[in-house]
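I have placed the structure first, in the form of C-alpha cells, so that the comments after it can refer back to it.
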Amino acid sequence: MLPIILLSILGLLVLFLGFQKSKNILLPATLLVLVITLIANFANWNDAPSLYFKGMLFENKLTMAFSGIVLISALLISALTRGFIDDEAAQPAEYYAIMLFSLVGAIIMIGYENLLMLFVGVEILSVSMYVLTGSDKRNLRSNEAALKYLLMGSFATGIMLFGMALLYGATGSFNLTALKSYVLTNPSPSVMMYVGLLMLLIGMLFKVSAAPFHFWTPDVYDGAPTVFTAFMSTIVKTAGFAAIYRLLSGSFSGAYTFWWSTLAGITVLTLLAGNITAVYQNSFKRMMAYSSISHAGYLLLSLTALSSQSQDAIVFYSLAYSLATISAFGVLMIVGKETGVRSNEVSENFNVFNGLGKKNPLLAFVLTVSMLSLAGIPLTAGFWGKFFVFSSVVERGLTWILIVAVLMSAVGIYYYFKAVIAAYMREGEGNAIKVPQFYRLVLIVTTIITLFFGLLPDLLKGLV
C-alpha cells in the first residue's frame, strides 16, 4: 500500500508549497507526485497477493489495476487545471492537496479487506468531494451543489454505516474473508445479515449514482467547477464500483440468489432513468451527469451477472469510460474559457460547441471520439467496454436485462450525437480557438488511448 503512504506524505508537501510566493511550482509538483505514485502502484505487480496494516488492506493485481485507473485519471485531470494558477481568487495549493488526499480514500476503497477501512475510505473521498464541489465560493450554484451533496451524502453514509453494524451483529466480524466464511457455512443466514447487506449496498450505490439514489448527481455535476465534475465522475465511480465488486464477489457470492434480483431491478431503473432523462437535457454538463448515471447502469450489469467475465469487463469499462469523460470535460473547459462562458453558468449547453469543427478541428475530433466511445460505437474503447459487459450478462443467461441495456444504448446515441452535430453542422460565433500546448497533449493522449483500445481491446483482458 505504498501509494497510500506516498499520497499522504507528498500531499502535505504540496499543501505547504502554497506558502511560496510563486504558484507556478504547484502543478508540476502535483503531476510529479502522481507519476511517482503511479509507478509505485505497479511496482509489486508480479508479487503474490498481500495483506497490510494488520490485515485491514489487501493488494493484488485487481486492486492495482483499479488504483492505476484512478491515478491515471487524476494525472490527466490535474494536467487540465492550469486555470487554478491564473485565477487570483483560487487557492491552488489547497485544491491540489485535497485532490491528492481524496485519492487516498479512493485507493483505500479499492483495497479494503475490512468494512471499517471501507468506511474510512468512503469518508476521506466524500469529504474531499464536498469541499471541492463548493470551491467556487463566488458562485451560488456551486455552494448549493456542495450543500446538497453534503446533506444527501451524509444520510447515505449513515445508512451504509448502519448496514455495517448489522453485518457485524449477524456475523461477528468486519473482515471480508470472515463474512464469506459465514455465508458459506450458514445455508440460511439471518435476516439481520440480509438487511445489513442491503443497507450497505444502498450507501455504496448512492456514491456511484445508481437509481433511485441518483437525484443529487445532476445538480452537483452541474454546479461544481467543471474540472472537479470530471474528477468525481471518473474517480469516485471507479473506486465505488471496485468496492462493490470486491464486496459482492469476495464475500457474498454465496448469497447470490438473494441479492441479484434486487440489484437487477436497480440496474434496469438506473439504465432507464439515466438514458431517457439525458435525452431532454440542453445543458452539456447535465447531460453528462445523466450519462454518468446510465454508465453506472452498464457497470451494474456486470455486478448483477457476476460471471467469470465480470472482473475484466468492469476494469476495461472503467478505463474506457474515464478516458472518454476526461476528454469531453477537457474540451468543454477549453471551449467555455475561449468563448467567454464562465464555469457553472447555465449557458454551458450544447450551443457552446457550435462551429467547433471550423474553430478548432482537433477539439472537434477529440469531442467526437469521446462521444462515440461513450455511445459505444465500434473502433472505440467504449464499444468493447459495453461488449465485454454484455458478454458477462449473456454468460449468466439474463437475456431480458440485456435487451433493456441494448435498447438504452440506442437511446444514448441520440443525446451523445447532439454535441457532434453542434460541432460540425451548426454555425458558431467567434474566432478560432487556441489550445495551450499542454492541454493539447493531454487531449491527444486520451483520444489515442481510446482509439488504441478500440482496435486492440484484448491487451487488457487477462492481465488481472
> What number goes with the only condition from (1) buried (at least 18 other Cβ atoms within 10 Å of the Cβ); (2) within 23 Å of SER292 (Cα to Cα); (3) at pLDDT 75 or above that ASN351 does not pass?
Replying inline: (1)
> Which condition number does VAL104 fail, the rest of (1) in contact (Cβ under 8 Å) with a residue 40 or more places away in the chain; (2) farther than 23 Å from TYR321 by Cβ; (3) of a type outside the set (Gly, Ala, Ser) being met?
Replying inline: (2)
> Of the numbered conditions (1) without any contact (Cβ under 8 Å) to a residue 12 or more places away in the chain; (2) under 22 Å from ILE77 (Cα atoms), THR257 satisfies every one except a single condition; which is it?
Replying inline: (2)
> Looking at segment 258-279, which of the residues that are of a type in the set (S, T, N, Q) and within 24 Å of ALA375 (Cβ to Cβ) is surrounded by the fewest Cβ atoms within 10 Å (Cβ to Cβ)?
Replying inline: THR277
> Would you pick out the residues in segment 129-148 that are among the small types (Gly, Ala, Ser) and assigned to a helix (DSSP H, G or I)?
Replying inline: SER142, ALA145, ALA146
>> Which residue is modelled with the highest pLDDT, if the candidates are limited to segment 396-423 and must be exposed (fewer than 14 other Cβ atoms within 10 Å of the Cβ) and of a type outside the set (A, V, I, L, M, F, W, C)?
In response: TYR414
> So which pairs qualify, if the first residue must be in segment 203-230 and more than 23 Å from LEU76 (Cα to Cα), the second must be assigned to a loop (DSSP other than H, G, I, E, B), the Cβ gap must be under 6 Å, and the two must be at least 6 apart or on different chains?
Replying inline: LEU205/PHE213; PHE206/PHE213
>> It is to be established whether one or more residues within segment 246-255 are part of a helix (DSSP H, G or I), modelled with pLDDT under 95 and crowded, with 24+ Cβ neighbours inside 10 Å.
In response: no
>> Being of a type outside the set (Gly, Ala, Ser), assigned to a helix (DSSP H, G or I) and in contact with a helix residue (DSSP H, G or I) (Cβ under 6 Å, 6 or more places away or on another chain) is the filter here; which residues of segment 162-180 pass it?
In response: PHE162, MET164, LEU166, LEU167, THR171, LEU176, LEU179
> Which pairs have Cβ atoms under 7 Å, sit 6 or more apart or on different chains, and link a residue in segment 445-464 that is free of Cβ contacts under 8 Å to residues at least 12 places away in the same chain and assigned to a helix (DSSP H, G or I) to one that is surrounded by fewer than 12 Cβ atoms within 10 Å (Cβ to Cβ) and not hydroxyl-bearing (Ser, Thr, Tyr)?
Replying inline: none
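For every residue, the table says whether it meets (1) touching a residue at least 24 places away in the same chain (Cβ under 8 Å); (2) hydrophobic (A, V, I, L, M, F, W, C).
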{"site": "MET1", "(1), (2)": "yes, yes"}
{"site": "LEU6", "(1), (2)": "yes, yes"}
{"site": "LYS23", "(1), (2)": "yes, no"}
{"site": "LEU27", "(1), (2)": "yes, yes"}
{"site": "THR30", "(1), (2)": "yes, no"}
{"site": "VAL33", "(1), (2)": "yes, yes"}
{"site": "ASN41", "(1), (2)": "yes, no"}
{"site": "TRP45", "(1), (2)": "no, yes"}
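The values are calculated or read from the model by the stated rules, or taken from the named source; none is laboratory data. All values reported here derive from a predicted model rather than from experimental measurement. Neighbour counts run over all protein chains shown; Cβ positions are idealised from the backbone, glycine included.
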